[in-house]
Amino acid sequence: MAEPKAKKARMDLGELTPHNVKQFKLINKIIFPVSYSDKFYKDAVAAGEYARLAYLDDLVVGAVCCRVDGTKIYIMTLGCLAPYRRLGLGRMMVEHVMNLARKDKKVTAVFLHVDVNNEDAVEFYKTFGFEVTETVKGYYKKLSPGDAHVLEKKVTHESEGDSSSNGDDDETKAAAKADKDKDAK
Amino acid sequence: MSRTLPEGSKEASLFRKMLRSYESKQYKAGLKCAKSILERKPKHGETLAMQALITNAMDKHDEAMELCHEAVKADLGSGMCWHVRGILYRQKCDYDQALRSFLRAAQIEAENQTILRDLSHLQVQVRDYEGFRDTRRKFLELRGGVRASWLGYGVAQHMTGEISGAIETMTQYLGLQDDANTNAYETSEMHMYVVMLMMANNEHDRALTYLNDYEEKIVDRRSIEETRAQLLLNLNRHQDRLGQRDDALATIRRAIDHTPTVVELYMVEGRILKHLGRLDEAATQVDFARQLDTADRFINSKAAKYLLRAGRIEEGQTIAGLFARETRNTDPLNQLRDMQCSWYELECAKAYLAKGDLGNALAHLHAVKSFYKQLVDDQFDFHSYCLRKVNLRAYTRLLKYEDEAYFHKRYVQTAAYACSVYAELHNNPFGSAKEREEQERLAKMSESERKKYLSKQRKAAKKGAGKGANHHNARGKKGAQQDNKNKDKEQKGKKSKTPQWNPNELVQTSKALDDALVFLQPLLNFPAVEGMESLLEPAVDVLVRRKRPLLVIKALRTMTTTDVPRHVLIASTLKLMRFISTNADAINPTVREIIDEELPQLVENKSEQDLRKELEDLASKSLAAFACAQLLKRSEGVSTSDVIAAITDKAASLPATLDEAAAVWLSVANVQDMHAGKSELRAALQKRFPDAHVFTQHQLGATA
Ligand SMILES: CC(C)(COP(=O)(O)OP(=O)(O)OC[C@H]1O[C@@H](n2cnc3c(N)ncnc32)[C@H](O)[C@@H]1OP(=O)(O)O)[C@@H](O)C(=O)NCCC(=O)NCCS
């Protein structure tokens, strides 16, 4: 018999594999109003540390998926199931992304799009120091009005020295890629 | 205060001073007081007790104990003396003596809270929960305004297993307490404790409601959510067990909405749907669970099983194949246990039976049998292997296991299906009915219709044969040889070999009874092992036709000791009686003698007539018995269509569970006669159990 109070649940991040990718799909389907392409999931499985499932004890209750986009990391999805919010799981996932960013010298910022009406998420990201840098009209094609804030947080590296990335080139590629992804959403 | 010193006396004031000195640890001063009292009142018990206590505090334990004995002797009626005695013994860890002393003290001073507290702590220390509870109750009666009194009593009730009482105590207290003045964390803890008590009491529904009602008061959200998810699962199991299946389904769906990533929830949902007869939905849900964790072999085989049960044979076979490679085990001891494949073959056989495809069903049944045979044949390898490895305990276990290999319930089931199929094929050889049917059908068709129909038939036949080829792994050498010839037919990536058993040939057997006997052979003693109930009736059918009355007697004897329904025993006995009366001359006199001796004992000396009456009576009360009695008539010459029409007539009215109805249906559906009104029976049963999927699986058209 379980003693509800005696034990504290454990929070953890776990790998995304071909075996459990369906759980990731299920979570996204429930949390996000947009649906993602098969390719999105195929890439996610191959994304290593950039895609993680969030566990509460043995239950999968959330997931995060991001990718390197030029000199930035772009968060594609991050969320957890409604009954499990405000337990610190979101924080754990954001911290994971920020750690990835700090580990990679050429990464200067982490950014993402959020539906302007999703105040909870905006508040959530603001607690970590993300700021709205721009608002894109009609970003989500399937939603109306579908406007999105771009939230961004700069990354500071411990020994800020010669950042050797050739920014311009990457930035253009990044923009092109972001456009493509938007279609998938 | 000492009860034996008059109030206002010099001694009384000295006594008071002594107590104060003790409490403020001024032991010397305390002893001085004691001495003065004892000078005036020698052997004053309670003073001696205090003296003992003070001496003890000064670490002179032996002296203290002596003083204490003196004290008790001097004043046996003093609670204080006994209390001190208890304290000293407790310190020596002599809990038995300590407990006696405290009990005595508490008896004398029933309202002394210090004594009660010491007593209750010692009781819980020595796990005297009943005593603990009684003491805590007294405590609560004395000090109802104090929280610890309530909690103590609640916990004590919990420990003695009076969980309902504990819940009542806790909720009563929570109702009384003033939230504004209480620490939110503590209140939360108390509510969660109530939830836990309800769970321990199997009151999952109540716990869930409670959790919802008091959600706001519980500060630890994480434990709420976790508990809720568990709770839903428990509640659900409970409802499923109680047969409240619709409630169970609603509960499990709530749980899935709450946390849809929990694989087990879909498994539970699948099981409930299965119990409701909704096999197709059940398979879909369990297969969904499989997709959530494709690394889990257990779920994988469950999904295969559910798909096969739902008649989704191809899907089931593919899913089962996903893990097939990994089930091949090279360690012979493990391999023995690894009966993965036999469950699969048996499920396939069942699936084909449910569809009415007797040929493919037989092929899979033969496959199961071959596994068991292989197991026994492989003994030779194990003899040397185990002895060489000095694996003696494993070896002897193994020998025993081998001896009883065929007693495994899966093999018994296999033999049961084989007997019923072969008994039917003996009665109505495959093709006889089919040809008749085909001719009638073709006669009604126009020329073009006939052409189309025939080409379709040819294609279907080809496909059927191909399917069989893929799924009957030949483990033996013979299969491996044939393998080369048929390689082109093989699907890529499948390790399966050629058909060792050709469904078409199997079903067209001209020696159905012999074939059945091969399955029965290892079980002819009819040991009362698991699953035997299902074998006995079809075995009797085979043995009566095979004219083996003594073996029938054996089977009947086991029927009387296992869980076989009475109507089955009677119908089987009647079959034997009929055989005896129609073959009276052919039966060997010795055999006859044994039968005459044994048979009456099996049916309480009842005559054939009595038995028939009894069967009729049973048949008026249950659909299963009615169908059994009707099918008996079929073996006595009544036409199949009359029999089925009679069953159809009662299909709506006679009591039957879904499982019973499904069994009746299967026994009728595979009767080899197309024009017997089976579809009417199906419609009637389907109407009675509208959600059930079992009745629609059968492709009546495909039956011979
Ligand atoms: C946004 C989301 C991921 C937050 O996850 P979470 O596990 O509840 O967040 P955490 O418990 O780690 O919260 C960390 C901190 O963020 C802030 N925060 C989180 N949710 C907030 C809300 N709804 N309003 C205000 N602040 C909030 C709080 O400061 C919180 O700390 P606290 O609980 O100690 O006060 C979750 O609500 C979610 O899955 N939403 C739907 C998906 C989504 O919109 N994702 C964003 C687009 S990618």
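The values are calculated or read from the model by the stated rules, or taken from the named source; none is laboratory data. It should be emphasised that the depicted structure is a prediction, and the values quoted were computed from it without experimental measurement. No Cβ is skipped: glycine too gets one built from the backbone with ideal geometry, and neighbour counts run over all protein chains shown. All accessible areas refer to the heavy atoms of the entire protein, side chains included, with ligands and DNA or RNA removed. Shrake-Rupley method; radii C 1.70, N 1.55, O 1.52, S 1.80 Å.
For the interface of chains B and A, what total accessible area is buried with a 1.4 Å probe, rounded to the nearest 100 Å²?
2500 Å²
In the structure displayed, which of B:274/B:456; B:302/B:511; B:43/B:92 lie more than 32 Å apart, Cα to Cα?
Working: B:274/B:456 34 Å; B:302/B:511 36 Å; B:43/B:92 25 Å.
Where the Cα-Cα span goes over 32 Å, the pairs concerned are B:274/B:456; B:302/B:511.
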14 Å cut-off, amide nitrogen to a point 7 angstrom out along residue A:158 Cα→Cβ, residues in the range A:110-148: none
Förster radius 25 Å - calculated FRET efficiency between residue B:591 and residue B:524, Cβ distance, rounded to 0.05: 0.95
C-alpha center-to-center spacing [the range B:597-626, the range A:49-117] in angstrom: 73 Å
Farthest positive-ward along the range B:512-696 dipole, Cα basis, beta-carbon charges - from B:551, B:574, B:564: B:574
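Relative to the Cα centre, what is the charge dipole magnitude of the range A:11-184, using +1 at the beta carbon of each Lys and Arg, -1 at the beta carbon of each Asp and Glu, and rounding to the nearest 20 debye?
Numbers: 25 positive and 28 negative charges, 104 e Å.
Using only the charged Cβ atoms, the result is roughly 500 debye.
What pairs from B:606/B:678; B:606/B:633; A:142/B:305 go past 29 Å between their alpha carbons? Don't jump to the answer; show the numbers that get you there.
Values: B:606/B:678 35 Å; B:606/B:633 20 Å; A:142/B:305 41 Å.
Violating the 29 Å Cα-Cα cut-off are B:606/B:678; A:142/B:305.
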Backbone HN-Hα couplings from phi across the range B:7-19 [Karplus 6.51/-1.76/1.60, Hz, Gly and Pro as x]: 4, x, 6, 4, 4, 4, 6, 5, 4, 4, 4, 4, 4
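As an exercise, identify the GluC sites (Glu not before Pro) in the range B:72-175 lying in DSSP coil whose Cβ has no more than 13 other Cβ atoms within 10 Å.
On the way: sites: B:109, B:111, B:130, B:141, B:162, B:168; in loops: B:109, B:111, B:162.
Filter output for the range B:72-175: B:111.
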Spin-label pair residue A:127/residue B:26, simplified geometry with 7 Å Cα→Cβ offset, distance in nm: 5.9 nm
Mean-position separation - Cα centroids, the range B:132-187 and the range B:1-51, in angstrom: 38 Å
Label zone at residue B:94, where the point sits 7 Å out along the Cα-to-Cβ direction: the range B:28-52 residues whose backbone N lies under 17 Å: B:49, B:52
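Return the FRET efficiency for the residue pair residue A:31, residue A:10: r is the Cβ-Cβ distance, R0 is 22 Å, and the value is rounded to the nearest 0.05. Please list the in-between numbers first.
Numbers: r = 22 Å, r/R0 = 0.99.
Efficiency, from the Cβ-Cβ distance: 0.50.
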Global form of the range A:15-137, assessed from the alpha-carbon gyration tensor, a/c cut-off 1.5: rounded
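Applying 1/(1 + (r/R0)^6) with R0 = 30 Å to the Cβ-Cβ distance of residue B:237 and residue B:217, what FRET efficiency is obtained, to the nearest 0.05? The partial results should precede the final answer.
On the way: r = 28 Å, r/R0 = 0.92.
It comes to 0.60.
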Two-site label geometry, residue B:547 and residue B:264: point separation in nm, points 7 Å out along Cα→Cβ: 6.0 nm
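Please get the size of the charge dipole for the range B:31-121, origin at its Cα centre, with Cβ charges of +1 on Lys and Arg and -1 on Asp and Glu, quoted in debye to the nearest 20. Don't skip to the answer; put the middle values down first.
Values: 13 positive and 13 negative charges, 36 e Å.
Dipole of the range B:31-121, to the nearest 20 debye: 180 debye.
Assuming 0.36 nm per residue, please report the length gained on full extension of the stretch residue B:13 to residue B:508 beyond their Cα-Cα distance.
Values: separation 495, 0.36 × 495 = 178.20 nm, distance 11.24 nm.
Extending this stretch completely gives an extra 167.0 nm.
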